[in-house]
Amino acid sequence: MNIWESIITSWQTLYSNKMRSSLTILGIVIGVSAVVFLVSFGRGHKANVTAIFEAMGANAIYITSATSMTQGLAGATGSLTLEDAKALRDPGRAPSVDLVAPMIEKMVRVVYGNKNSTVDVMGTTPEIAQIIDYPVAVGRFIAEQDVSRNANVAVLGNKTASDLFDTKNPLGETIRISGTKFEVIGVLQKKGGFLASADDFIIIPLTTMQSRILGQTSPRGRPVQTIAVRAVSTDQIDAAREEITSILRQRHHIREGKDDDFTIIDMQEILNRMNQVLGIFQVFIGSVGAISLVVGGIGIMNIMLVSVTERTREIGIRKAVGAKRRDILRQFLVEAAMLSLSGGIIGLTLASLATWAITGVQLGPYSVKAPMSADIVIIALSVAIFVGLASGIYPASRAARLDPIESLRHE
C-alpha cells in the first residue's frame, strides 16, 4: 500500500465516523484558531505602537527637569532653561544634535463662544514640527517670527478643533486660552492611535506661553519643562546623549559623582522596552493557544487508541494478506495527521474570518489591526500536523505490533 492509498483509506475511515472525527479535531480547531488570531492581533497591536512612537520622532531625545513633573503643575518648570536649549544648538559642542525645541505644557481652560474645555496647551518653537511629526491639515504652523514677537497665535490638534468648532472652519477665528485671546492659524492632521491625547492639544509660541499664560517677565533664565532634541541620525543617538549630558552638567555646575538634575529619554529606548513587553505578551497569548493544541493532541491519541482496539480484526486480516508493519504504522499515522490537518485548516479559516471582522474596528481613537502573514499560517498548520503525528505514534506502533493470529481471533 503506497502513501496515496493510505490517504484515501484514511479519508474513508474518518468520513465513515463523521461525528467522532469532528469531536476529535475540536481541540485542534480551537488551538490553531486561537494561536493564529491572537498572534495576528498581537502583531497588529505592536505595529500600531511602533508607528505611534516613530511618529513621535525616531531620532527624538527628550530632556526633562528632575522636578518638572511636580513644579510644572504649579506653573514653574524646574532646572532647564532657554539658555540650556540654545547651548545644545551649538554645533561645535554638540555635533550629533540636529534640532532643538524647548517646550512647556500646561492644562488650561480654552473657550470659543459658548463652548469651553480644559486642554493641554504646549508652548514651543517651530522646530518641534520636524522633531515630532506634526503635519498641518489647514493653515500653517507657528513660525520663528511668531516666537520672536510673542504672537497670540494657536495651532489646534484635530480633536480640539472638532470639539470647539464642530464642522466650522476655525482659521482666523479667535479663542480664549486662560482668558487671553488667540487667533487660530492652523489645524493639524488627525494622528489617531491608542493615545487619547494624540489629537487633543493646542500649540502656541513658547515666548507667548511664558509671558501670557505663565506670567514670566524676565527675558533671561526663563525655565522650560522639556527640551526636545533630534539627533543627526539614529546611529548618533548615543553620541547625542553624551554631548547633552556633558553640556548640561557643565552649565548646571554639577560636580563629578553628583546626580544629574535632569533626565534624558530617547524614543529608541522607549520603543525597545515597549517591544520587549509586547514580545512577552505575544509569547503569553501564543501559549494560550498551544495549551488547546496539546489538549487536541491528547484527544487524537485517545481516539486513535480506541480505533486500534475497534479495528484489531481488520489489522489481523491485512497482515494475513501480506501487509507489513510499516504499512499498518503508516496507515494510522496518516489518519492521525489527517485529523490534525483537517482541524488546522478549519481553525485557520475561523481565524481568518475573525481577523477580517475586527480589522479596522475603531475602539475609541484606536484602530484594530490583525494582519495575517504566510509565516503564521505555515507555522500553525505545521504545528497542527506535528501534534497529530506525535499523538498518533503510540497508537500506530501498538497497531503495527499486533500479532496477526491473535488479531484474527479478536471479537
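The values are calculated or read from the model by the stated rules, or taken from the named source; none is laboratory data. No experiment lies behind these values; they were computed from the predicted model shown. Using ideal geometry, Cβ is built from the backbone for each residue, glycine included, and neighbour counts are taken over all protein chains shown.
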- Of those in segment 22-70 that are out of contact with any Lys or Arg (no Cβ under 8 Å at 6 or more places or on another chain) and part of a loop (DSSP other than H, G, I, E, B), the residue modelled with the lowest pLDDT is T67
- Residues of segment 338-368 satisfying the condition of being at pLDDT 80 or above and part of a loop (DSSP other than H, G, I, E, B): T359
- Count of residues meeting criterion [aliphatic (A, V, I, L, M) and surrounded by fewer than 19 Cβ atoms within 10 Å (Cβ to Cβ)] in segment 109-131: 1
- Being under 12 Å from A137 (Cα atoms) and not β-branched (V, I, T) is the filter; apply it to segment 149-169 and report the residue that is farthest from the chain's Cα centre (by Cα). N169
- Message: Anything in segment 303-331 that is free of Cβ contacts under 8 Å to residues at least 40 places away in the same chain and within 14 Å of S397 (Cα to Cα)? List them, or say none.
- Response: V306, T309, K324
- Given E269, E256, E243, E335, which one is out of contact with any His (no Cβ under 6 Å at 6 or more places or on another chain), without any contact (Cβ under 8 Å) to a residue 40 or more places away in the chain, of a type in the set (D, E) and not in a loop (DSSP other than H, G, I, E, B)? E269
- Answer yes or no: is there a residue in segment 189-202 that is at pLDDT 90 or above, crowded, with 22+ Cβ neighbours inside 10 Å and closer than 17 Å to T118 by Cβ. yes
- Could you please give the count of residues in segment 283-292 that are touching a helix residue (DSSP H, G or I) at 6+ places or on another chain (Cβ under 6 Å) and either over 21 Å from G27 (Cβ atoms) or of a type in the set (S, T, Y) (or both)? 1
- Residue among I280, I328 that alone is over 20 Å from I25 (Cα atoms), at pLDDT 80 or above and assigned to a helix (DSSP H, G or I): I280
- When you go through R330, R325 one by one, which is the residue that is surrounded by fewer than 17 Cβ atoms within 10 Å (Cβ to Cβ) and among the basic types (K, R)? R325
- Run down I227, I244, I213 and say which single residue is modelled with pLDDT of 80 or more and in contact with a Lys or Arg (Cβ under 8 Å, 6 or more places away or on another chain). I213
- Query: Can T309 be described as more than 22 Å from the chain's Cα centre (by Cα), in a helix (DSSP H, G or I) and surrounded by fewer than 16 Cβ atoms within 10 Å (Cβ to Cβ)?
  - Reply: yes
